[in-house]
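Notes follow once the structure below has been shown.
The values are calculated or read from the model by the stated rules, or taken from the named source; none is laboratory data. Remember, it's a predicted structure, so these values are computed and weren't measured experimentally. Cβ atoms come from the backbone with ideal geometry, glycine included; neighbour counts cover every protein chain shown.
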Amino acid sequence: MPPKVNVVSLVSVGRHPQSGRSRRAEQDGRAVELGLKLSKKSLTVVHAGDSQEPVLRQYAGMGLDSLTVLPQAADGDALPVLVEFLKNSKAQVVLTGVRAESGESSGMLPYLLAEQLGWPLVPRVAEILTIKEGAAEVLLALPRGQRRSVIVSLPFIATVDNAAAEARQTAFGPGLRADLKVLNVESVTDDAMATWQISAAKPRPKRLKVVKAKTAADRMKAATAKPVGGGGKVMKNETAAEKAQAIFDLLLEEKVVR
């Protein structure tokens, strides 16, 4: 691996799933951890948002000497300022989480960055194995613990999966002593977000199977039995209209649509 690789880790303000308090985002912390492993001396950690956010000190407490802040208003759009910053930063590897834990949380930011910069994007990275001769060998996290190795040319953007190495603990003192470099950038208003109506997400209730068992043995058997799907249908040679009608009938049967 070359002695110096310009790595940029983008971080956001996370939110605890139970208490709702602000915290270091889980995946963003893993992105910083991966950046520290690649090149601590040439790692730049960037946050687009409120420069007075206390959570930024939690990232800095991971062993960073400084953290760069691109100040944005609460209704600002982080995409334009991040694109401009990355164009001028000579970054070779940009690491982000798969999606933020607060705000829009759509997971589209790395894809929009890659589109506007014209860089390749590698989703759900577990580890970056080597970087040499203008290319990187990246280990992707696949379902059921599987991994796949791919080669991608520099520069590129990678979203860091939960399968990556866990972020180290943050130290309070070093976090306070770290330098927050607040750059003078223009805040761009997100006009689309101004028209949205934001509400808390509600989990969809799951259908419970009614067990009509009289004895304890019958109840145990029903609880441990493997589900068997007998209502499936494989459609290969039917027309597109027939396949669409079958899907629509299923949605009506499951009461997904009325």
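Determine which single condition Lys181 fails, assuming it passes every other condition in (1) more than 17 Å from Leu10 (Cβ to Cβ); (2) part of a strand (DSSP E or B); (3) in contact (Cβ under 8 Å) with a residue 24 or more places away in the chain.
Result: Lys181 fails condition (1) only.
Suppose we keep only residues that are in a loop (DSSP other than H, G, I, E, B) and of a type in the set (S, T, N, Q) within region 1-55. Which one would you say is surrounded by the fewest Cβ atoms within 10 Å (Cβ to Cβ)?
Gln18
With (1) more than 16 Å from Val46 (Cβ to Cβ); (2) out of contact with any Leu (no Cβ under 9 Å at 6 or more places or on another chain); (3) surrounded by fewer than 19 Cβ atoms within 10 Å (Cβ to Cβ) as the list, and Gly134 as the residue in question, which single condition is left unmet?
Exception for Gly134: condition (2).
Of the residues Ala163, Ala171, Ala141, Ala178, which is touching an Asp or Glu at 6+ places or on another chain (Cβ under 9 Å), surrounded by 10 or more Cβ atoms within 10 Å (Cβ to Cβ) and either modelled with pLDDT of 95 or more or more than 30 Å from Val122 (Cα to Cα) (or both)?
Every option except Ala178 fails the conditions.
Only one of (1) touching a Pro at 6+ places or on another chain (Cβ under 8 Å); (2) surrounded by fewer than 21 Cβ atoms within 10 Å (Cβ to Cβ); (3) outside any loop (DSSP other than H, G, I, E, B) fails for Glu115. Which number is that?
(1)
Taking the condition of being surrounded by 22 or more Cβ atoms within 10 Å (Cβ to Cβ) and either at pLDDT below 90 or in a helix (DSSP H, G or I) (or both), how many residues in region 69-109 meet it?
Here the count works out to 3.
Please specify each residue of region 112-161 satisfying the condition of being out of contact with any helix residue (DSSP H, G or I) (no Cβ under 7 Å at 6 or more places or on another chain) and more than 18 Å from Val7 (Cα to Cα).
Answer for region 112-161, where residues must be out of contact with any helix residue (DSSP H, G or I) (no Cβ under 7 Å at 6 or more places or on another chain) and more than 18 Å from Val7 (Cα to Cα): Glu115, Leu140, Ala141, Leu142, Pro143, Arg144, Gly145, Gln146, Arg147, Arg148, Ser149, Val150.
For residues that are closer than 30 Å to Ala78 by Cα and at pLDDT below 75, tally how many sit in region 195-230.
Adding up the residues that qualify gives 2.
Out of (1) crowded, with 18+ Cβ neighbours inside 10 Å; (2) among the aliphatic types (A, V, I, L, M); (3) at pLDDT below 95, what's the single condition that is false for Ala192?
In the conditions (1) crowded, with 18+ Cβ neighbours inside 10 Å; (2) among the aliphatic types (A, V, I, L, M); (3) at pLDDT below 95, Ala192 misses (1) alone.
On the given criteria, is Leu64 over 27 Å from Ala194 (Cα atoms), under 19 Å from the mean Cα position of the chain (by Cα), touching a residue at least 24 places away in the same chain (Cβ under 8 Å) and surrounded by 15 or more Cβ atoms within 10 Å (Cβ to Cβ)?
no
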